Amino acid sequence: MREHPLARILLRGATALVLLFLLAPMVAVVVLSFSPTELMVLPPGGFSLRWYEDFLTAGRWVLATRNSFVVAIATTLLATLLGTMAAIGLQLGRFRGKAVLVTLLTLPMVTPYIVTAAAMFFAYAIIGLTGSLLGLVLAHTVVAVPFVVVAVLATLQTFDANLLRAAASLGAPPMLALLRVMVPNIWPGIAAGAVFAFATSLDEFVITLFMAGPGQFTLPRQMYASVRESLTPTILAAATLLFLCSLLFLLASEVLRLRAARKLRA
Amino acid sequence: MRRTNWLAALLIAPLLLLILGSFLVPVGLTLFRAVQDREVAQALPETSAILAAWDGQGLPPEAAFAAVARELGAALEARRIGDVAQRMNFARTGMRSTLLRTARAAERLRAPYAASLVALDARWGQAETWLLLRSAGGPVTSLYLLRAMDFTQTPDGGVVQAPTDERLYRTLFLRTFGISLLVTAICVLLAYPVAYTIARLRAPWSSIALTLVLIPFWSSVLVRTTAWFVLLQREGPVNGALLGMGLLEAPAQVIGTRIAVVLALVHVLLPFAILPMHSVMTRLDATYLRAAASLGANGMQRFLRVWLPLSLPGVLAGGAMVFLLAVGMYTAPALVGGDRDQMVAWFIANFLNRDVNWGMAAALSAYLLAMTGAIVALARILTGGMVGARG
């Protein structure tokens, strides 16, 4: 089936414009972050790394970067471990109400972040977890873990359960069979979930806005504070670094997707 | 089999406990906070008990006057007066000053309290004040849920519209709904041709175009909103370009307007519309199109009668996703919008952080949650209906 040539030109033109709309702001941020002056105009009329130098030497930006990565790494480890375990359990178990359980575990995905943030703010204030990195990690884990559960559950659909029976018949205890037979087979799904968990934590802003004191500011939180204060290209240097991270996440998730697809064909 | 189930339960339990303790129970507590009423009963227990026994006719007995004077004074010393004052002031503006003045004067007041309290503040001579105090005795109240819909309760228990200058929230919900609907409509209209074109492109162009959609999808909402904040400045690139092309006479103030909010929201949410549509369209069975062609359908007919209906589940999924994310959005309006463009999330944040009125934050959260729940349910019913219709 082919469209009318004119329709095709119009469709492709419209698509190109929409893609331009989606990408142009990101490109502009990257270009402006190298601006030699405080003025944020295009074209920037020069090239300079002074805003990156500013970013790397200002105490609050360094702290925010460190906090962001500490929280994101801890969140990824916790979410990947708990999410993978739960997904495997959901796949193995033979009990009623499994669909309800999956819905409950993935509910944070469809709940507005502001409601989650308000709820956690109330609850964490009672037990004194607001204003601590541990509280931030737990909060981020709750919103990141559904992605791990969904990704691992999806990969488990392609796992041949006979392999576990074979392992059992060879005398492997269930835990050993899971670790040595199942996990190596489903790792692309686990890794994809981990990438999503990392990205979710690194980008999370609304919950952090309520949970983090000045000592726990993450990069998005510090960006927001700085934008409110005064707009400098240092913010754009931070934005560019976060953008670079998201490009890496995209790359990683695509590599994992291709690997999973190849595995499925093999 | 039983052993497997034990193992499964063991594997699920840690995550279930985390979600339960850190999400489900807190959300439940939040919903409860929308109706909870304990400030007055906690700080003024004796007053509350006396008023609960009072028949509500005329003014309460002298014992109530004496109790309120003593307990307000004690609450001031225990630094608990703030909560009571805020709770009562929210029910009726002006109560804060009455309560604070009485608390500060409590030591100087002498019996008969009915006379000395009224002399201190005429409000104590009004039956309404006492009825308000009685209705605040807890343990639950409809005050916040009603106020979040611009209603208020009269002292005798009837529900009426809130005073005009305090009416705000129905407009707020309508605005949130309107902005979300507009953003969803724009996203769906923009996303459909893009998803269609990408689905029909040949490799490697289809992958390249899809990657260009995935780049913004993976990058942070705050980064993208900040980008718009920079681009739309008065001296920013967008104004510069429009001035340069002669489309504008003077730089336009876009930050702080509804246009900026809609623009940023569309930019943030558009990938969420494109991706589900694209995924449905690439899996769409091309034999239907060939069958339609062999039956003599022209291009337009093939699109309208075959492609469009088959791709509707994707449109619905994308649209529902965009709407769901839009109604709860805090970041984009907070950054690029003005005071009159803020949505429900911004008010929840303000009640939490600035006003410290947790009852209102909880009530607004409850309505927002109900709204998103309705969207999810509606999307499920509609997609279910579609799948069912095709057998």
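The values are calculated or read from the model by the stated rules, or taken from the named source; none is laboratory data. Everything numeric in this text was worked out from a predicted model, so none of it was measured. Note that we place each Cβ from the backbone using ideal geometry, even for glycine, and neighbour counts take in every protein chain shown. These accessible areas exclude ligands, DNA and RNA; they are computed on the full protein's heavy atoms, side chains included. Shrake-Rupley method; radii C 1.70, N 1.55, O 1.52, S 1.80 Å.
Within region A:227-266, work out how many residues are free of Cβ contacts under 8 Å to residues at least 12 places away in the same chain and either in a helix (DSSP H, G or I) or at the interface with another protein chain (Cβ under 10 Å from one of its Cβ atoms) (or both).
The number of residues fulfilling the criteria is 14.
The rows are residues; the columns are (1) over 30 Å from residue A:25 (Cα atoms); (2) touching a His at 6+ places or on another chain (Cβ under 9 Å); (3) touching a residue at least 24 places away in the same chain (Cβ under 8 Å).
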residue: A:47; (1), (2), (3): no, no, no
residue: A:54; (1), (2), (3): no, no, yes
residue: A:57; (1), (2), (3): no, no, no
residue: A:67; (1), (2), (3): no, no, yes
residue: A:74; (1), (2), (3): yes, yes, yes
residue: A:86; (1), (2), (3): yes, no, yes
residue: A:95; (1), (2), (3): yes, no, no
residue: A:110; (1), (2), (3): no, no, no
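How about region B:156-173: which of its residues are in contact with a helix residue (DSSP H, G or I) (Cβ under 7 Å, 6 or more places away or on another chain), open to solvent by less than 50 Å² (accessible area, probe 1.4 Å) and under 21 Å from residue B:127 (Cα atoms)?
Within region B:156-173, B:162 is the sole residue that qualifies.
Given the residues B:292, B:203, B:260, B:252, which is the only one that is open to solvent by 10 Å² or more (accessible area, probe 1.4 Å), more than 7 Å from chain A (Cβ to nearest Cβ) and either within 21 Å of residue B:341 (Cβ to Cβ) or among the charged types (D, E, K, R) (or both)?
B:252
In region B:187-200, is there at least one residue being open to solvent by 50 Å² or more (accessible area, probe 1.4 Å), in a helix (DSSP H, G or I), at pLDDT 90 or above and hydroxyl-bearing (Ser, Thr, Tyr)?
No, that holds for no residue.
What is the one condition in (1) closer than 29 Å to residue B:368 by Cβ; (2) open to solvent by less than 30 Å² (accessible area, probe 1.4 Å) that residue A:93 does not satisfy?
Here residue A:93 clears every test but (1).
When you go through (1) of a type outside the set (Gly, Ala, Ser); (2) assigned to a loop (DSSP other than H, G, I, E, B); (3) modelled with pLDDT of 95 or more one by one for residue A:73, which number turns out not to apply?
For residue A:73, the exception is condition (2).
Looking at A:107, A:176, A:134, A:138, which one is assigned to a helix (DSSP H, G or I) and more than 24 Å from the chain's Cα centre (by Cα)?
It is A:176.
Between a first residue in region B:290-302 that is closer than 18 Å to residue B:196 by Cβ and a second residue that is loosely packed, with under 13 Cβ neighbours inside 10 Å, which pairs have beta carbons less than 8 Å apart while being 6 or more apart in sequence or on different chains?
So the pair list comes out as B:299/A:2; B:299/A:4.
Just one of A:208, A:155 is modelled with pLDDT of 85 or more, more than 14 Å from chain B (Cβ to nearest Cβ) and touching a Pro at 6+ places or on another chain (Cβ under 9 Å); which is it?
Answer to the selection: A:155.
If you go through region A:24-45 one residue at a time, do you hit one that is open to solvent by less than 40 Å² (accessible area, probe 1.4 Å), of a type in the set (Val, Ile, Thr) and at the interface with chain B (Cβ under 7 Å from one of its Cβ atoms)?
Looking for residues that are open to solvent by less than 40 Å² (accessible area, probe 1.4 Å), of a type in the set (Val, Ile, Thr) and at the interface with chain B (Cβ under 7 Å from one of its Cβ atoms), one finds at least one in region A:24-45, hence yes.
Kindly indicate which of B:315, B:306 is more than 10 Å from chain A (Cβ to nearest Cβ), part of a helix (DSSP H, G or I) and touching a residue at least 12 places away in the same chain (Cβ under 8 Å).
B:315
Among the numbered conditions (1) of a type in the set (Gly, Ala, Ser); (2) within 22 Å of residue B:85 (Cα to Cα); (3) without any contact (Cβ under 8 Å) to a residue 24 or more places away in the chain, tell me where residue B:185 comes up short.
The number of the failed condition is (2).
Being open to solvent by 40 Å² or more (accessible area, probe 1.4 Å) and acidic (Asp, Glu) is the filter here; which residues of region B:61-100 pass it?
B:62, B:77, B:83
Among B:370, B:349, B:345, B:363, which is the only one that is more than 9 Å from chain A (Cβ to nearest Cβ), touching a helix residue (DSSP H, G or I) at 6+ places or on another chain (Cβ under 7 Å) and at pLDDT 90 or above?
Being more than 9 Å from chain A (Cβ to nearest Cβ), touching a helix residue (DSSP H, G or I) at 6+ places or on another chain (Cβ under 7 Å) and at pLDDT 90 or above holds for just one of B:370, B:349, B:345, B:363, which is B:363.
Answer with yes or no whether residue A:200 is assigned to a helix (DSSP H, G or I), in contact (Cβ under 8 Å) with a residue 24 or more places away in the chain, within 11 Å of chain B (Cβ to nearest Cβ) and of a type outside the set (A, V, I, L, M).
Criteria met by residue A:200.
Count, please, the residues in region A:1-23 that happen to be more than 7 Å from every other protein chain (Cβ to nearest Cβ), open to solvent by 90 Å² or more (accessible area, probe 1.4 Å) and among the basic types (Lys, Arg).
1
Please work out if residue A:234 is polar (S, T, N, Q), touching a helix residue (DSSP H, G or I) at 6+ places or on another chain (Cβ under 8 Å) and open to solvent by 10 Å² or more (accessible area, probe 1.4 Å).
no
Would you check if residue B:41 is crowded, with 16+ Cβ neighbours inside 10 Å and away from chain A (no Cβ under 14 Å)?
yes
Here is a list of conditions, (1) under 15 Å from residue A:200 (Cβ atoms); (2) touching a helix residue (DSSP H, G or I) at 6+ places or on another chain (Cβ under 8 Å), and residue A:77 meets all of them except one; can you say which number that is?
(2)
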